[in-house]
Amino acid sequence: MTERLIVIGGVAAGMSAASKARRVAKGMEIVVYEKSGYVSYGSCGFPYFIGGVVPKIEDVIVRTPEQFAQKNIEVHVHHEVTAIDVAAHSVTVHNLDTGAQFNDHWDKLVVTTGGMATRPPFSGFDLDGVFTLRTVEDALAIQRFIESKKPARGIVVGAGYIGLEMAEALCARGVHVSVLEMLPQVLPTLDPEIAALINDELAEHDVDLLLEQKVLGFAGAAGRVQRVLTDAGELPAEIVIVAVGVRPAARLAAEAGVALGTTGGIAVDDHQRTNVPDVFAAGDVAEAMNIVTGRPTYVPLGTTANKQGRVAGENAAGGEARFAGIAGTAIVKVFSLQIAQSGLTEKVARREGLAVKTSAITAPNQAHYIPAHRPMRVKLVYEADSRRLLGSQIVSKGGALRIDAIASALHAGWTVDKLREVDMAYAPPFASVWDPVLVAANVAK
Ligand code: FAD
Ligand code: NAD
């Protein structure tokens, strides 16, 4: 009998799973239910669409439901799965256009319901001009608001990844931006002295950074936002972007008996299997194994969602694939600054109870006689006794993607001394003869 695969959620993890399953099992029935109006897009492109770098929203959409139909993958947008019955192998689906409700049978189920933008109980969250950014609909709403209302003053709540990318996007649209962050540093996934390097870049671009400010809510008139209320007073704002983190959208699966891990994401093994037979999970709804600590972690990134989705799809289709885990490798651009990290920071390593040493250097990212060369800050974190490399952070105005060399070393389980031996590429426009990563590893010696 023909097996039927149902995928819940149609973005990075979901469409990777469906596409891989189609390649592995040519005859399998594959159905995707997606509650929003779009599938197969790169949310990572939204700040660049809103900022005007990417001209059309269609540019961030990889494939449409019609294109998936040509590959014999049935995609239903505006269809929300409201319940999973693991005993009956069925889902309850709500057609959001017609209001109709029906049940559908599955032999294999892949849950990729993703992450949800955190919505703290701020007063006035529903005022016009207050946004979170997660879906195509959110990106379009922000872009249309900017085009029609031409806000002059904007507030970004949260100096994390989305907050900093959106600060730059709003500036590009002529908005004067203030960023409010409750912690004493931007990008809390970095060590504080590394994160502090970003503050000057924001100031240079006329972005006001207000650290240790707690937002209480929003106020306005005639339904439109006008002020942000904080524990230190209030600030004028015609547009507000709330970017205070992401939580796994795991309730649907949990209510069906799928086990969650300590992070709140769905617990999965290295085959993306959940505790329920025939049910797989992948992407922002799931945990991933941290290759440095050997424990599950929650780092909601598109790169992981694509890889986990592919593994889930292959295994759901009867194949055999394994996800190797993550080092939490990430990179972000803040105006002309590039910030990258992989593995553990010093503060996380210490929190893990590890005895650590660090090596932090500043060296030119190109040969010193190339006029455009810029300083590159490289910090390496390694275990004091074993000298095992634990992580790295890199900040520079060019070349921070060197973090990928460190990520490879972390996957290989190298010591900081092994890193010193790597034959890294050199020509004056790309690096110094001693690459900054090698300089940092030498200093560790
Ligand atoms: P999601 O993208 O959250 O998709 C899940 C889908 O499931 C959603 O469309 C949702 O509507 C649907 N769904 C949920 N519940 C149901 C239900 N009950 N029934 C039907 N459908 C349902 N990552 C990077 O690695 N690099 C970046 O530069 C980067 N930039 C980003 C910028 C922004 C603005 C944002 C928002 C994210 C960024 N990310 C980045 C993170 C990346 O986009 C996510 O990790 C990725 O989208 C996760 O994919 P996913 O398929 O697991 O989940
Ligand atoms: P985040 O976790 O990166 O940052 C949230 C920030 O909001 C933190 O600095 C936090 O301290 C702050 N915050 C929380 N509550 C607050 C409050 N009440 N008032 C003020 N500040 C508050 O989350 P995000 O920026 O929403 O991004 C979500 C996820 O999307 C990221 O974790 C990341 O995984 C992914 N992402 C990645 C990239 C990239 O890789 N370049 C870009 C965008 C998004």
Reported set for region 266-292 where residues are assigned to a loop (DSSP other than H, G, I, E, B), among the polar types (S, T, N, Q) and buried (at least 17 other Cβ atoms within 10 Å of the Cβ) is Q272, T274
Residue identified as surrounded by 19 or more Cβ atoms within 10 Å (Cβ to Cβ) and more than 30 Å from I198 (Cβ to Cβ) among T113, T132:
T113
In region 135-169, which residue that is hydroxyl-bearing (S, T, Y) and within 15 Å of ligand 1 (Cβ to nearest atom) is least open to solvent (accessible area, probe 1.4 Å)?
T135
Has region 301-317 got any residue that is closer than 23 Å to G160 by Cβ, open to solvent by less than 10 Å² (accessible area, probe 1.4 Å) and in contact with a Lys or Arg (Cβ under 7 Å, 6 or more places away or on another chain)?
no
So which residues in region 236-257 are assigned to a loop (DSSP other than H, G, I, E, B) and either surrounded by 24 or more Cβ atoms within 10 Å (Cβ to Cβ) or within 22 Å of the chain's Cα centre (by Cα) (or both), if there are any at all?
A237, A243, V244, G245, A249, A250
Could you look through region 345-370, keep only residues that are more than 16 Å from ligand 2 (Cβ to nearest atom) and touching an Asp or Glu at 6+ places or on another chain (Cβ under 7 Å), and pick out the one that is farthest from R387 (Cα to Cα)?
E346
For residues that are under 22 Å from P375 (Cβ atoms) and not aliphatic (A, V, I, L, M), tally how many sit in region 412-434.
7
From the residues in region 40-62 that are near ligand 1 (Cβ under 7 Å from one of its atoms) and touching a Lys or Arg at 6+ places or on another chain (Cβ under 9 Å), which one is least open to solvent (accessible area, probe 1.4 Å)?
F46
Residue under evaluation A367, criteria (1) open to solvent by less than 40 Å² (accessible area, probe 1.4 Å); (2) outside any strand (DSSP E or B); (3) outside the structural domain of V285 (by TED's automatic domain parsing); (4) within 23 Å of L301 (Cβ to Cβ), criterion not met
(4)
When residues of region 190-226 are filtered for being crowded, with 18+ Cβ neighbours inside 10 Å and within 13 Å of ligand 2 (Cβ to nearest atom), how many remain?
7
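The values are calculated or read from the model by the stated rules, or taken from the named source; none is laboratory data. Model, not experiment: these values are computed from the prediction. For neighbour counting, all protein chains shown are included, and Cβ atoms are generated from backbone atoms with ideal geometry for every residue, glycine included. Heavy atoms of the whole protein, side chains included, go into the accessibility calculation; ligands, DNA and RNA do not. Shrake-Rupley method; radii C 1.70, N 1.55, O 1.52, S 1.80 Å.
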